[in-house]
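Notes follow the structure.
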Amino acid sequence: MILPKLRSNVLRSTRRHLSALQLSPQLGCSHATLLTYNNSNQSQQLVSPIGSNFSTLTPSPSNQIRQFSAESTDKAETKKESLEFQAETKQLLDIVTHSLYTDKEVFLRELISNASDALEKLRHLQVANQEGSSSSTTVQQDPDLPLEIKIETDEVNGTLTISDSGIGLSKQEMIDHLGTIARSGSKAFMKELTEKHSSDEANLDASRGIIGRFGVGFYSAFMVGDRVEVRSKPAFVEEGGRMEPLVWASEGVGTYDISDLPEDIRQNRGSSIVIHLKGDQLEYADEKKVEAVLKKYSNFVNFPIYLNGNRVNTINAIWAEDPKTVSDETYSEFYKYIANAFDEPLDTIHYRADAPLDIKALFFIPSFHSEKYGMARMEPSVSLYSRKVMIEQNSPNILPDWMRFIKGVVDSEDLPLSVSREKAQDSALIAKLKKALTRKFITHLSTMARKDSEKYKEEFYKEYSFFLKEGVCQDFEFQESLSKLLYFESSKTMSGDLTSLEVYISR
């Protein structure tokens, strides 16, 4: 009598645990443990839903909570899988949303950079497949789609959608790259290129086009949105197969859902990020506001950007081109654009170097400056870029103060950036960059004074001699080289004629 009674009690206990599991989907157990009851004539296996220890829940190996829901009355209804973010996401999301970025508008720069990276990866893989250097058995979906970025604003529904026709995401990639903060898919892609094809120039070019580094830019969308959806269709599937689009969705509070995209929503190859804007951030559903931010930060990305059907980035990043291929007319148009000017530049300095740093700089000397009219002191007018994406507008750190009349752009891939990509992080490298740029500018002026002294004295020196003298007084490192650029009137020359300090001393 004792054994049947014991078996009955165990069975009742097990049923209670099974009932509790059905009522608590959050338990998310990944496996069951078999308990065996034996007597002399029979054995029976009982299933423990909570592992070998009844008092301890055994989660899945990845600590992900999986919750499946489907209406039994409708078998065709899409299943939804809910998972938890990784890497202490609640705390990290709070940091990204409230502390990491100085300006909320930077979110758009980050998402455009991600879209550009997705397109760059696809372009590289397309080239690899055409050249036969890829051994993959996959085929491309929607092969005729152009490589481009599309942005749509919806003021009625308060949404902003950023779409690309790039490489797209599979379900596992959504979990790996969207479900884990600070895991950069772009960085992993670059590492793979370097390891497999370190000497291949095409792969090096692809890696140079990749912008992302830290794996946090996507989450900046939660600064302006209370819900974010990522709809994606992978670019490549196994030959003979087809992969339908998925949608990743989260409110940024620790969990996210992945489900099949409803059939009434169209998603081509690539990804679409739909941001449901917060009530106090609805300005980003306004087309003019979005266009202004795009032109400020992302006007020079490698791929066309369309805002509500209209092309936004129509000007090329000519500082990254070979100076021999750029015409004077192109330089003039670019100067007027970045300086918001109407005059022609007095002179242009297009500088490229690989050592001691990778530098691409384009400087313009305006035909006049405003300080001589008694207007306010000019602010720095050279912006810092990295891989054609603006990092710091009118940076005060990359040129000495006496060069504040210069307009232009500096782009360097070597500068370590802060996680928010709003500032360069390494002050020693910034000092090297500053020194290299200053030396190049002084060398350019010395060449002008030697080869075209009339232009130097009559056009440049008369307009900007004050700044050179300021540099002699303030910039002790370049004081001697600057002093050689100073010109004065002399008793040995006619009134109004100028002679250099070096020539004056030699008499």
Can you tell me how much longer the chain between Ala376 and Glu502 gets when fully stretched, taken as 0.36 nm per residue apart minus their C-alpha distance, in nm with one decimal?
42.0 nm
How large is the accessible surface per residue of region 434-498, computed with a 1.4 Å probe and reported in Å² as a whole number?
58
Evaluate E = 1/(1 + (r/R0)^6) for Leu346 and Ile265, where r is the Cβ-Cβ distance and R0 equals 56 Å; express this FRET efficiency to the nearest 0.05.
0.55
Taking 0.36 nm per intervening residue step and subtracting the Cα-Cα distance, what contour gain separates Glu458 from Asp328 on full extension?
44.7 nm
Simple SL model, points at 7 angstrom along Cα→Cβ for Ser490 and Asn308; separation in nm is 6.5
Highest mean first, what order results for 361-373, 100-112 on Cβ atoms within 10 Å?
100-112, 361-373
Using a 1.4 Å probe and ignoring any ligands, DNA or RNA, find the accessible area of Ile151 and quote it in Å² to the nearest 10.
0
Using a basic spin-label model with each label point 7 Å from the Cα along Cα→Cβ, how many nm lie between Gln393 and Ala431?
3.0
Rounded to the nearest 0.05, what FRET efficiency is calculated for Ala355 and Gln479 with R0 set to 35 Å and r the Cβ-Cβ distance?
0.90
Shape category assigned to region 360-503 from the gyration tensor of Cα positions, a/c cut at 1.5
prolate
First compute the accessible area of region 347-409 with a 1.4 Å probe, then give the percent of it belonging to carbon and sulfur atoms.
47
For region 283-388, rounded, prolate or oblate, judged on the Cα gyration tensor with a ≥ b ≥ c (square roots of eigenvalues), a/c < 1.5 rounded, else prolate if a/b > b/c?
oblate
Excluding ligands, DNA and RNA, what is the solvent-accessible area per residue of region 235-326 at a probe of 1.4 Å, expressed in Å²?
49
Testing the spin-label approximation: label points 7 Å from Cα along Cα→Cβ at Glu238 and Glu321. State their distance in nm.
4.6
Burial-style ranking of 161-169, 329-337, average other-beta-carbon count within 10 Å with highest first, yields 161-169, 329-337
Between the DSSP loop rule and a limit of at most 10 other Cβ atoms within 10 Å, which GluC sites (Glu not before Pro) in region 255-321 are left?
Glu263
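The values are calculated or read from the model by the stated rules, or taken from the named source; none is laboratory data. All values derive from a computational prediction rather than experimental measurement. Methodologically, a virtual Cβ is constructed for each residue, glycine included, from the backbone with ideal geometry; neighbour enumeration extends over all protein chains shown. Areas reflect the complete protein model, heavy atoms only, side chains present, ligands, DNA and RNA absent. Shrake-Rupley method; radii C 1.70, N 1.55, O 1.52, S 1.80 Å.
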